[in-house]
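Peer 1: Next up is a structure, given as structure tokens.
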Amino acid sequence: MKQFDAATPIYLQIIDDIKQQICAGRLQPGDKIAPVREFALRQGVNPNTVQRAFGVLEQEQLLFANRTNGRFVTEDKELIGKMKKEMAAVYVRDFMKKMKEIGYSGDEVAHLIKEEEKGGQSDVQN
């Protein structure tokens, strides 16, 4: 069972988790999503919560329902790419805000990232 953050509604956390799985390729275009009850049982949440999350994802056209076969991940790769860029922009904004709060400039952050990619320790001092 997944641990949920009490500060954020569970259905929003489920939406974010599914979006992350789609962006990361763990859920591929056309993949079938578990039925609501099964998904809810695995997550340890109420089926109504899962239904709400799936409903939002369908409105955003990231999931689609086939009446007799269940729900599937969109096959619209352009939509997935757009979502991935939007999610990345949010993460970058949040990250940069936090880094600026602790006194780093944009250039210093860029240096830290390059050093981290190399697996080394940065020498940026503040």
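The values are calculated or read from the model by the stated rules, or taken from the named source; none is laboratory data. Fair warning: this is a prediction, and the values are worked out from it, not measured in the lab. Using ideal geometry, Cβ is built from the backbone for each residue, glycine included, and neighbour counts are taken over all protein chains shown. In case anyone asks, the SASA skips ligands and DNA or RNA and just uses the protein heavy atoms, side chains included. Shrake-Rupley method; radii C 1.70, N 1.55, O 1.52, S 1.80 Å.
Peer 1: Checking the conditions here, which among Thr8, Thr49 is over 15 Å from the mean Cα position of the chain (by Cα) and either outside any helix (DSSP H, G or I) or of a type in the set (Ser, Thr, Tyr) (or both)? Outline the logic, then answer.
Peer 2: Numbers: Thr8 fails: over 15 Å from the mean Cα position of the chain (by Cα).
After applying the criteria, what remains is Thr49.
Peer 1: How about segment 61-105: which of its residues are closer than 14 Å to Pro29 by Cα and in a strand (DSSP E or B)?
Peer 2: Listed by number, the residues that qualify are Leu63, Phe64, Ala65, Arg71, Phe72, Val73.
Peer 1: Just the residues that are under 26 Å from Lys82 (Cβ atoms), open to solvent by 30 Å² or more (accessible area, probe 1.4 Å) and out of contact with any helix residue (DSSP H, G or I) (no Cβ under 7 Å at 6 or more places or on another chain), please, taken from segment 26-53. Quick ask: steps written out before the conclusion?
Peer 2: We begin by selecting, within segment 26-53, every residue under 26 Å from Lys82 (Cβ atoms); these are 26-34, 39, 50-53.
Narrowing further to those that are open to solvent by 30 Å² or more (accessible area, probe 1.4 Å): 26, 28-29, 31-32, 51-52.
Those that are under 26 Å from Lys82 (Cβ atoms), open to solvent by 30 Å² or more (accessible area, probe 1.4 Å) and out of contact with any helix residue (DSSP H, G or I) (no Cβ under 7 Å at 6 or more places or on another chain): Arg26, Gln28, Asp31, Lys32.
Peer 1: Cβ-Cβ distance below 7 Å, separation of 6 or more or different chains: which pairs start in segment 111-123 with a residue that is under 17 Å from Met96 (Cα atoms) and end on one that is open to solvent by less than 100 Å² (accessible area, probe 1.4 Å) and modelled with pLDDT under 90?
Peer 2: Listed pairs, sorted by first residue: His111/Ser122; His111/Val124; Leu112/Ser122; Leu112/Val124; Glu115/Ser122.
Peer 1: When the residues of segment 64-78 are filtered to those that are touching a residue at least 40 places away in the same chain (Cβ under 8 Å) and open to solvent by less than 80 Å² (accessible area, probe 1.4 Å), which remaining residue is farthest from Lys32 (Cα to Cα)?
Peer 2: As a first pass, look at segment 64-78 and keep what is touching a residue at least 40 places away in the same chain (Cβ under 8 Å): 72-77.
Now drop any that are not open to solvent by less than 80 Å² (accessible area, probe 1.4 Å), which leaves 72-74, 76.
Values: Phe72: 4, Val73: 7, Thr74: 10, Asp76: 15 Å.
Within segment 64-78, the match that is farthest from Lys32 (Cα to Cα) is Asp76.
Peer 1: To continue, here is another question. Since Gln21 meets every condition but one in (1) part of a helix (DSSP H, G or I); (2) open to solvent by 50 Å² or more (accessible area, probe 1.4 Å), which condition does it not meet?
Peer 2: (2)
Peer 1: Turning to a different aspect of this structure: Under 8 Å between Cβ atoms, at least 6 apart or on separate chains: pull out the pairs that start in segment 35-46 with a residue that is among the β-branched types (Val, Ile, Thr) and end on any residue that is at pLDDT 95 or above and in a helix (DSSP H, G or I).
Peer 2: That search, which allows pairs on different chains as well, returns Val36/Pro47; Val36/Val50; Val36/Gln51; Val36/Phe54; Val45/Ile10; Val45/Ile14.
Peer 1: Same structure again: Taking only pairs six or more apart or across chains, which ones have beta-carbon atoms under 9 Å, a first residue in segment 79-105 that is over 17 Å from Lys19 (Cα atoms) and open to solvent by less than 60 Å² (accessible area, probe 1.4 Å), and a second residue that is outside any helix (DSSP H, G or I) and of a type in the set (Val, Ile, Thr)?
Peer 2: Tyr104/Val124
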